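Step one of this worksheet: look at the structure below.
The values are calculated or read from the model by the stated rules, or taken from the named source; none is laboratory data. Just so we're clear, the structure is a prediction, and the values are computed from it rather than from any experiment. Ideal geometry is used to build each Cβ from the backbone, glycine not excepted, and the neighbour counts take in all protein chains shown. Quick note on the areas: whole protein, heavy atoms, side chains included, nothing else; ligands and nucleic acids left out. Shrake-Rupley method; radii C 1.70, N 1.55, O 1.52, S 1.80 Å.
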Amino acid sequence: MKTISKDSLDKIIGYLKYKGYKVIGPSVRDGAIIYDEISCIEDLPAGWGDEQEAGHYRLRKRNDGALFGYAAGPQSWKKFLFPGKLKLWEAEKNSKGFEITPANGQFPKYAFIGVRSCELHAVFIQDKVFNNGMFSDTYYNKIRKNIFIAAVNCAEAGKTCFCVSMKTGPKAEEGYDIALTEIINQDEHYFVVDEGTPKGSELMEQIESLTSTEEQLAAADDALKNAESNMGRTLETDGIKSLLYKNHANTVWDQIAKRCLSCANCTMVCPTCFCSNVEDVTDLSGDHTERWRTWDSCFNLDYSKVAGGNFRTSIKARYRQWMTHKLASWIDQFGISGCVGCGRCITWCPVGIDITKEVSNIRKSLKN
Ligand code: SF4
Ligand code: SF4
């Protein structure tokens, strides 16, 4: 392990830019921590943390100047790999008929700075969705293979986090080029760095660093233990697949449906949800047409509309489908749970519906 100063992180960003990466990292915008292009460490959310609860998110000032002292915000890295709105192709009318031009000839080379362990797992899950042997999404895969990932281990857990239950954090174990642990004590602010790939080692050769001391490694371990022991939520996953399959008719779904607005916020913020719609848009002259893919949601009524009718007309059916897919049928479909325990769906649900509580409510209902 190597130790670098806080200022060396700026050199890492600079080196990645020099190597042609579009560097993406956390920034404060509109009262939240979002992911966008950054050019130096001044763009990072220095001294900002957050308060999260079901249906509640506020930024709060920290007194330690931490650059990564926040929990997962409303956005996830999926917005770069699986953009919310993507043009697939366009067509122009000509004397012989139509000429079709594929869009997205541009595949940005991204460097992601500050990827949390749960978010890395969300990327692994989307890898199975967008590149699974049967289906392969060109845009996703062209971008995915060139990403540089600088993970950041969590030193604190958010109040809606439950990555320990889902075995997806708080320590980044694989899939990164480098992993950083931020340490701040009375007189020092530094990062312990683990190199995960030759690409990560090549970068670290360019950055001034020292071999980490025993104390620095112990401080990094303590930071992770702190996050692990302060998880805001837990989700009991034992037997969860059969629990949900066997409780299709449980009255808990009726209780949830009385509160759920079917607003789709939970699916928009979820780093693994992948529902999309494809629309053709033609100009008034009829000479030019475009095909766009946009994010959609199983909470939208039209999503379950097929020839002959709609097979999920009630909010109860749509919530039940979402949670059962996430925690049960996803396992049958992709061999893995669809939930990484990031807590975003809890924080950003306007009525504070909490996936961990609803699983617990189903379990409790069976004991009554
Ligand atoms: S669970 Fe919450 S966020 Fe999801 S659709 Fe219902 S009201 Fe919206
Ligand atoms: S279901 Fe909720 S907690 Fe699980 S990955 Fe999606 S947003 Fe995060």
Looking at Val306 and the list (1) more than 16 Å from ligand 1 (Cβ to nearest atom); (2) touching a residue at least 12 places away in the same chain (Cβ under 8 Å), which single condition is not satisfied? (2)
With the requirement that a residue be under 15 Å from Phe112 (Cα atoms), without any contact (Cβ under 8 Å) to a residue 24 or more places away in the chain and crowded, with 17+ Cβ neighbours inside 10 Å, what does the range 33-82 give you? Asp43
Within the range 277-289, the residues that are open to solvent by less than 70 Å² (accessible area, probe 1.4 Å) and either in contact (Cβ under 8 Å) with a residue 24 or more places away in the chain or within 16 Å of ligand 1 (Cβ to nearest atom) (or both) are Asn277, Gly286, Asp287, His288, Thr289
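For the range 83-107: of the residues being under 30 Å from Ser285 (Cα atoms) and of a type in the set (Phe, Trp, Tyr), which is least open to solvent (accessible area, probe 1.4 Å)? Please lay out each step first, then the result.
First, pick out the residues of the range 83-107 that are under 30 Å from Ser285 (Cα atoms): 83-106.
Next, only the ones that are of a type in the set (Phe, Trp, Tyr) stay: 89, 98.
On the way: Trp89: 64, Phe98: 118 Å².
Ranking the candidates gives Trp89 first.
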Quickly run through the range 248-271 and pick out the residues that are touching an Asp or Glu at 6+ places or on another chain (Cβ under 8 Å) and either near ligand 1 (Cβ under 9 Å from one of its atoms) or at pLDDT below 95 (or both). Ile256
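Can you confirm whether the range 20-37 contains a residue that is over 22 Å from the mean Cα position of the chain (by Cα) and assigned by TED's automatic domain parsing to the domain that holds Val152? Please lay out each step first, then the result.
The first filter runs over the range 20-37 and keeps only residues over 22 Å from the mean Cα position of the chain (by Cα), leaving 20.
Next, from what is left, pick out any that are assigned by TED's automatic domain parsing to the domain that holds Val152: 20.
Checked the range 20-37: at least one residue is over 22 Å from the mean Cα position of the chain (by Cα) and assigned by TED's automatic domain parsing to the domain that holds Val152.
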Please find, among Lys128, Lys159, Lys142, the residue that is open to solvent by 40 Å² or more (accessible area, probe 1.4 Å) and part of a loop (DSSP other than H, G, I, E, B). Lys159
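Just need a number here: residues in the range 48-97 that are among the hydrophobic types (A, V, I, L, M, F, W, C) and not in a strand (DSSP E or B). Walk me through how you get there before you give the answer.
Filtering the range 48-97 down to residues among the hydrophobic types (A, V, I, L, M, F, W, C) leaves 48, 54, 59, 66-68, 71-72, 77, 80-82, 86, 88-89, 91.
If we keep only those that are not in a strand (DSSP E or B) as well, we get 54, 66-68, 71-72, 77, 80-82.
Total satisfying the criteria: 10.
Given the options Glu99, Glu119, name the one that is without any contact (Cβ under 8 Å) to a residue 24 or more places away in the chain and of a type in the set (Asp, Glu).
On the way: Glu119 fails: without any contact (Cβ under 8 Å) to a residue 24 or more places away in the chain.
Among Glu99, Glu119, only Glu99 is without any contact (Cβ under 8 Å) to a residue 24 or more places away in the chain and of a type in the set (Asp, Glu).
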If you take just the helices (runs of 4 or more DSSP H) that sit entirely in the range 199-269, which of them hold at least 3 residues that are open to solvent by less than 90 Å² (accessible area, probe 1.4 Å) and free of Cβ contacts under 8 Å to residues at least 40 places away in the same chain? 214-229
Given the options Asp283, Asp222, Asp238, name the one that is under 30 Å from Tyr190 (Cα atoms) and of a type in the set (Asp, Glu). Asp222
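If you scan the range 16-32, which residues turn out to be surrounded by fewer than 20 Cβ atoms within 10 Å (Cβ to Cβ) and among the small types (Gly, Ala, Ser)? So that I can check it myself, show each step before the final result.
Within the range 16-32, the first condition is being surrounded by fewer than 20 Cβ atoms within 10 Å (Cβ to Cβ), and the residues that meet it are 17-22, 27-32.
Within the range 16-32, Gly20, Ser27, Gly31, Ala32 qualify.
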Tell me, which residue of the range 319-355 that is farther than 19 Å from Phe299 by Cβ and of a type in the set (Val, Ile, Thr) is nearest to ligand 2 (Cβ to nearest atom)? Val340
Exactly one condition in (1) farther than 28 Å from His56 by Cα; (2) of a type outside the set (D, E, K, R); (3) in contact with a Leu (Cβ under 9 Å, 6 or more places away or on another chain) is not met by Val129; state its number. (3)
Under 7 Å by Cβ, and 6 or more places apart or on different chains, what pairs join a residue from the range 147-162 that is within 16 Å of ligand 1 (Cβ to nearest atom) with one that is open to solvent by less than 10 Å² (accessible area, probe 1.4 Å) and charged (D, E, K, R)? none
Qualifying residue in the range 324-337 (condition: within 16 Å of ligand 1 (Cβ to nearest atom) and open to solvent by 50 Å² or more (accessible area, probe 1.4 Å)): no
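Consider the range 145-156. How many of its residues are under 23 Å from His189 (Cβ atoms), in contact with a strand residue (DSSP E or B) (Cβ under 7 Å, 6 or more places away or on another chain) and assigned to a loop (DSSP other than H, G, I, E, B)?
Matching residues across the range 145-156 total 2.
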Lys199 being within 16 Å of ligand 2 (Cβ to nearest atom) and either touching a Pro at 6+ places or on another chain (Cβ under 9 Å) or charged (D, E, K, R) (or both): no
Is there a residue being open to solvent by 40 Å² or more (accessible area, probe 1.4 Å), more than 14 Å from ligand 1 (Cβ to nearest atom) and more than 20 Å from the chain's Cα centre (by Cα) anywhere in the range 339-351? no
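Identify all residues within the range 162-176 that are part of a loop (DSSP other than H, G, I, E, B) and either in the same structural domain as Gly338 (by TED's automatic domain parsing) or closer than 16 Å to Lys326 by Cα (or both); write none if there are none. Outline the logic, then answer.
If we filter the range 162-176 for residues that are part of a loop (DSSP other than H, G, I, E, B), which is where we start, we get 162, 167-176.
Once the filter is applied, which keeps residues that are part of a loop (DSSP other than H, G, I, E, B) and either in the same structural domain as Gly338 (by TED's automatic domain parsing) or closer than 16 Å to Lys326 by Cα (or both), the range 162-176 yields Phe162, Lys167, Thr168.
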